[in-house]
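The values are calculated or read from the model by the stated rules, or taken from the named source; none is laboratory data. Model, not experiment: these values are computed from the prediction. Note: ideal-geometry Cβ built from the backbone for every residue, glycine included; neighbour counts use all protein chains shown.
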Amino acid sequence: MGIKKRKLLGLALMAAMVSPWSLPGPASAEVFELDGMKNLYEGVSFDHDMHIEATGENCTECHHHTAGTAPTDPLCVTCHAKSPEIDNPSCKSCHVKDVFAAENMKKSWDTPLLHHRDKPGLKAAYHQNCLGCHEENGAPTGCTDCHAMTDAGEKFYNTGKYAPEPKTSGHGGGNH
Amino acid sequence: MKSFVAQGLRPVDSLMKPESTTEWTLKEKLLLGLSPGDYLKQLVRNPFNWIFAIIYAIGVPVILGRFYYGLGWATHGSYDYPWGLFLGWGLFCMVPLSASGFMLGTTVELFGRKDFKPIERLGLLNGLLGYLFAVVFLQADLGQPWRLIYPMVVSLGPAAVLFLVAWHVATYLSVQVAELVPAASEMMGWKAPKKFVKSIVLGLTVAGIILSTLHQGALGALFTYAPGKVHPLWYSYSFQWFHFFCSSIFAGLSMLIVVSTLSKGFLKWRCDSNFLDSLDRITLGLAKGASLALITYLIIKLTAIAHDNEWALLFTGWGQWYIFEICLGVLLPLFLYTVAIRNQSAKIARFAALIAVVGILLNRLNTALITFNWQMYQEIPHWREVTITITIYATYILVYRACLCRLPILFTWKADAK
Amino acid sequence: MKKLNRRSFLKGGLASSVAVAAAVGSAKKADAAGDFGGYPDSMGVLVDMTKCIGCRTCEAACNKEQSLPEPDKAFDDMSVFEERRHGGLPRRTTEKAYTVVNKYEVEGREHPLFRKFQCNHCQEPACLTSCFVNAYTKTPEGAVIYDPKVCVGCRTCMIACPFYVPAYTFSSATNPVIKKCIMCYDTRLKFGRPPACVESCPQQVMTFGKRKDLIELAHRNIESHPDKYVDHVYGEHEVGGTSWMYMTAVDAPFEEIGFDVHLGKQPIINYVKDFLAMVPMVLTIWPALFTGFHLLATRKDAKKNDESAS
């Protein structure tokens, strides 16, 4: 093949790569490792594809309005009926990890006219958002069903190998 | 002692030995004028002392255990029921019964009723010992009794009612000790202390009235901190302090009648004619005072119910218990005292006094223990708690007896012609 | 009756003044009180019980933060919810547990309601006002803290607390003290951080912020979800207001989940003020009154002395 032909082939290949049919799907077609609580628990392997299927491709179920879909809750719709998709609809882009840190507190409480002052932190957002639906659909709801405890976690909860010896019955002085 | 006196022993009642120019030594005075051998003999012969011996045999190890193992071992004190018998009995029951101190002091020194003088010192002693042992009970109850003086010198919390109780009991104990200094001075042969106290007796008496009014009331006010916990019939945030203060008046007077009766019965050898001959008349006089306090108390109790509109509660189970307490502790003594006064019967008055004392115990135990946490389970004191309470109370009786036998309380000290 | 001359009156007056001085302190604070209403920027915690799942992570966090002893059961052992103490009552705070979560099966409700219970850090705490050694302090940050170094062990605070919070280490013979939640003051609140339980909660049942902001927030949430929440913020007014406030579900009213709804709005100290006001009255009136009685009672003797003198 001549140099001109190779260059043309290269260009064609590059064009093919960026064509709509060969682009990857939405940037979230993977399993996410959520490991914010790694001091107590192992990370959660979050299968996003499975959840897209489970919700019937209704992004609102988990992403509220940030994926460009309109919410159904009448309280939300008043403001967010036509809210567009945002650049990064991941949970952590809105729900901060250390919600009670000084600068985040300041933002929440001192911003005048802020509506969602009590926006949950990241940890709470996951739990509040996931648990309800999980319960309704027989999905895992126990703490260690989604994330196993680390050794530090077992120490924290005084469980597993750190569990206390079962006490024989009887009154502890004063604790009647 | 009775038999010794019958055999001709003259009880110590002056600085000089009878028909002699030698003085009693302190040791002899303490041994009631007996030789050590005889003293022990009469101790052993007395059946009451056998009861005390049994009480101490059981009680002393338990008291030691309380301080070694802590309150959790000795009481059923719990997070829900922090106070038990030590305070319920030792503080809340004994203090109103010891109100005779300020009552008699006021009657004799302030109101000038010298006709009550024969019983004045008994009233003062009753008061002093009652408060002293209330403090002993308190020390048994406090978690850290060695910190007793903290509210006075280390860290003050003046808004608290207990602060007032602490300061007043401490000050009042001093007042009462001072008021009994004349008796001790006579026995010991001191001149100056007696003279000094006599010169400030009016001030002491007024101080005694102020302190007593406030701390008797304050003990009641302690329960105003727990509006939901004490049953509404026993609770009144407006009148609680007055309930306790007013009832302490007839409690002190009735207890004095009871104690004087016991003294007349068991320590007759120690009483002189000045005491014995006037006792019936004095008893009726005390009965008059007690009945006035009783009727006042009854009216204020009913007013408190009206004030908080609690009439409907009288028809509940607790209401029946309340009616029982009023009938036994207020109406019955009031009726009996009135009958006694009308018929000039000291005997009936004494019986009324006993009932009144029981009524006071019932009221205080009801407020502090029985109706406390009425909406919760009932708490029964631990047997160790009961044992310690009995032991400390037995000590109180022993000390009381020891003082009555030695100090010129039931008898007049003979002034020696020098 | 001996003559009431100037010297004896002065001596008597001195004795009475000692009594006055001894108790004058009792009068001071009662006069200065009005309704305190709390420090203006004090922090608080709003507990939304509809969100609590009873995981007990808060109990574990408290245990670790406050270096409490090992618990009797693991913190992920849910059998604690079935424990009952004397009188069939559920768990309460103890010397080993500054906070407990209790489970309430409410009739008509599919799921049980879980309630976290700890010191409510009242605006005008009963424990503080009843303590005669000033062992409690209401910090400007909102926490009610305790100083074990001055505590005598009288346990009046336990009598006074309407929520039955303070626990006492009855088992200790040498240094028994009160144990209760201090809102992690020493380790966190002083530095502006929320208590350990608040931070550890996976559901963010607790919101940390200024008390006055939390009240606003609570009412706004109630207004936005009237079919979800009972229209009452427990602790907003109860016993003068508390720093820890609660919202509950409409089908789990406060009285059915262990809250005392009969506490009223008065701080406990208000029930004591009637007596505290008596104190200065007695101190000032009694001396004159009773000296007057004495003069009245001895007027015959005085008259006799006059007659014999003249």
Residue pairs within 6 Å by beta carbon, gap of at least six or interchain, first lying in region B:371-386 and under 12 Å from B:H76 (Cβ atoms) and in contact (Cβ under 8 Å) with a residue 60 or more places away in the chain, second surrounded by 15 or more Cβ atoms within 10 Å (Cβ to Cβ) and aromatic (F, W, Y), listed first then second, are B:E379/B:Y81
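Conditions (1) away from every other protein chain (no Cβ under 11 Å); (2) charged (D, E, K, R); (3) not in a loop (DSSP other than H, G, I, E, B), marked per residue:
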position: A:P89; (1), (2), (3): yes, no, no
position: A:K106; (1), (2), (3): no, yes, yes
position: A:W109; (1), (2), (3): no, no, yes
position: A:L113; (1), (2), (3): yes, no, no
position: A:K119; (1), (2), (3): no, yes, no
position: A:C130; (1), (2), (3): no, no, yes
position: A:E135; (1), (2), (3): no, yes, yes
position: A:G138; (1), (2), (3): yes, no, no
position: A:P166; (1), (2), (3): no, no, no
Within region B:13-31, residues surrounded by 14 or more Cβ atoms within 10 Å (Cβ to Cβ), modelled with pLDDT of 85 or more and part of a loop (DSSP other than H, G, I, E, B) come out as B:W24, B:L31
Exception for C:K265 within (1) in contact (Cβ under 8 Å) with a residue 60 or more places away in the chain; (2) within 14 Å of chain B (Cβ to nearest Cβ) falls at (1)
I'd like the full set of residues that are surrounded by 23 or more Cβ atoms within 10 Å (Cβ to Cβ) and within 20 Å of B:L362 (Cβ to Cβ), limited to region B:335-348. B:Y337
For region B:98-109 the number of residues that are surrounded by fewer than 24 Cβ atoms within 10 Å (Cβ to Cβ) and among the hydrophobic types (A, V, I, L, M, F, W, C) is 1
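Condition (residue is facing another protein chain (nearest Cβ under 8 Å) and within 23 Å of the chain's Cα centre (by Cα)) applied to region A:65-79: is it met by at least one residue?
Our first condition is that a residue be facing another protein chain (nearest Cβ under 8 Å); within region A:65-79, this holds for A:75.
If we keep only those that are within 23 Å of the chain's Cα centre (by Cα) too, we end up with A:75.
Yes, region A:65-79 has at least one match.
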Residue that is surrounded by the most Cβ atoms within 10 Å (Cβ to Cβ) [pool: residues in region C:74-84 that are more than 7 Å from every other protein chain (Cβ to nearest Cβ) and of a type in the set (D, E, K, R)]: C:D77
Which condition number does A:V18 fail, the rest of (1) surrounded by 10 or more Cβ atoms within 10 Å (Cβ to Cβ); (2) modelled with pLDDT under 75 being met? (1)
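Any idea which of B:L410, B:L404 is assigned to a loop (DSSP other than H, G, I, E, B), more than 19 Å from B:K229 (Cβ to Cβ) and not charged (D, E, K, R)? Break it down stepwise before answering.
Working: B:L404 fails: assigned to a loop (DSSP other than H, G, I, E, B).
Of the residues listed, the single one that is assigned to a loop (DSSP other than H, G, I, E, B), more than 19 Å from B:K229 (Cβ to Cβ) and not charged (D, E, K, R) is B:L410.
If I ask for residues that are in a helix (DSSP H, G or I) and among the aliphatic types (A, V, I, L, M), which ones from region B:32-63 would you list? Give the steps one after another, and end with the answer.
Narrowing region B:32-63 to residues in a helix (DSSP H, G or I): B:36-45, B:47-63.
Within region B:32-63, B:L40, B:L43, B:V44, B:I51, B:A53, B:I54, B:I55, B:A57, B:I58, B:V60, B:V62, B:I63 qualify.
If I go through region C:194-205 residue by residue, how many of them are within 10 Å of chain A (Cβ to nearest Cβ) and part of a helix (DSSP H, G or I)? Steps first, please.
Filtering region C:194-205 down to residues within 10 Å of chain A (Cβ to nearest Cβ) leaves C:194-195, C:198-205.
Still in the running and part of a helix (DSSP H, G or I): C:198-200.
Adding up the residues that qualify gives 3.
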Whether any residue in region C:184-191 is away from chain A (no Cβ under 14 Å) and touching a strand residue (DSSP E or B) at 6+ places or on another chain (Cβ under 7 Å) is what I want to check. yes
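Can you tell me which of C:G37, C:G88 is at pLDDT below 95, away from chain B (no Cβ under 14 Å), under 30 Å from C:K265 (Cα atoms) and surrounded by fewer than 15 Cβ atoms within 10 Å (Cβ to Cβ)? Walk me through it before giving the result.
Details: C:G88 fails: away from chain B (no Cβ under 14 Å).
The match here is C:G37.
List the helices (runs of 4 or more DSSP H) that sit entirely inside region B:76-129 and contain at least 3 residues that are over 12 Å from B:L369 (Cβ atoms). Before the answer, list the steps.
On the way: elements: B:85-88, B:94-97, B:100-105.
In region B:76-129, the matching helices (runs of 4 or more DSSP H) lie at B:94-97, B:100-105.
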Answer yes if at least one residue in region C:114-125 is within 26 Å of B:R147 (Cβ to Cβ), within 12 Å of chain B (Cβ to nearest Cβ), buried (at least 24 other Cβ atoms within 10 Å of the Cβ) and not acidic (D, E), and no otherwise. yes
Any idea which of C:A288, C:A309, C:A249 is over 23 Å from B:L219 (Cα atoms), surrounded by 18 or more Cβ atoms within 10 Å (Cβ to Cβ) and more than 8 Å from every other protein chain (Cβ to nearest Cβ)? C:A249
Go through (1) in a loop (DSSP other than H, G, I, E, B); (2) facing another protein chain (nearest Cβ under 10 Å); (3) not aliphatic (A, V, I, L, M) for C:F259 and report which single condition fails. (2)
By residue number, the members of region B:197-216 that are in contact (Cβ under 8 Å) with a residue 12 or more places away in the chain and either more than 7 Å from chain C (Cβ to nearest Cβ) or surrounded by fewer than 16 Cβ atoms within 10 Å (Cβ to Cβ) (or both) are B:V197, B:K198, B:V201, B:T205, B:G208, B:S212, B:H215, B:Q216
Taking only region B:264-288 into account, find how many residues are under 30 Å from B:G220 (Cα atoms), touching a residue at least 60 places away in the same chain (Cβ under 8 Å) and either of a type in the set (S, T, Y) or surrounded by fewer than 19 Cβ atoms within 10 Å (Cβ to Cβ) (or both). 1
Check region A:142-150 and report whether any residue there is of a type in the set (S, T, Y), over 30 Å from B:G70 (Cβ atoms) and surrounded by fewer than 17 Cβ atoms within 10 Å (Cβ to Cβ). yes
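Going by the structure shown, is B:A160 crowded, with 22+ Cβ neighbours inside 10 Å, farther than 18 Å from C:K149 by Cα and touching a Gly at 6+ places or on another chain (Cβ under 7 Å)?
Details: crowded, with 22+ Cβ neighbours inside 10 Å: yes; farther than 18 Å from C:K149 by Cα: yes; touching a Gly at 6+ places or on another chain (Cβ under 7 Å): no.
Taking the combined requirement at face value, the residue does not satisfy it.
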In the set C:F293, C:F275, the lone residue that is buried (at least 18 other Cβ atoms within 10 Å of the Cβ), facing chain B (nearest Cβ under 7 Å) and without any contact (Cβ under 8 Å) to a residue 24 or more places away in the chain is C:F275
Taking first residues from region A:138-163 that are more than 20 Å from A:D35 (Cα to Cα) and second residues anywhere that are assigned to a helix (DSSP H, G or I), the pairs with Cβ under 6 Å that are 6 or more apart or on different chains are A:G160/A:E154; A:Y162/A:E154; A:Y162/A:K155
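Just the residues that are within 7 Å of chain C (Cβ to nearest Cβ) and either among the charged types (D, E, K, R) or within 21 Å of B:L214 (Cα to Cα) (or both), please, taken from region B:151-164. Break it down stepwise before answering.
Residues of region B:151-164 that are within 7 Å of chain C (Cβ to nearest Cβ), as a first pass: B:151, B:154-164.
Passing the criteria: B:P151, B:L156, B:G157, B:P158, B:A159, B:A160, B:V161, B:L162, B:F163, B:L164.
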One residue from A:N88, A:N129 being within 17 Å of the chain's Cα centre (by Cα) and exposed (fewer than 14 other Cβ atoms within 10 Å of the Cβ): A:N88
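Can you tell me which residue among C:E216, C:E238, C:E223 is buried (at least 21 other Cβ atoms within 10 Å of the Cβ) and of a type in the set (D, E, K, R)?
On the way: C:E216 fails: buried (at least 21 other Cβ atoms within 10 Å of the Cβ); C:E223 fails: buried (at least 21 other Cβ atoms within 10 Å of the Cβ).
Within the list C:E216, C:E238, C:E223, the selection yields C:E238.
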Contacts under 8 angstrom Cβ, first residue in region C:206-220 being within 7 Å of another protein chain (Cβ to nearest Cβ) and within 17 Å of A:D98 (Cα to Cα), partner among the acidic types (D, E) and part of a strand (DSSP E or B), 6 or more apart: C:T207/C:D48
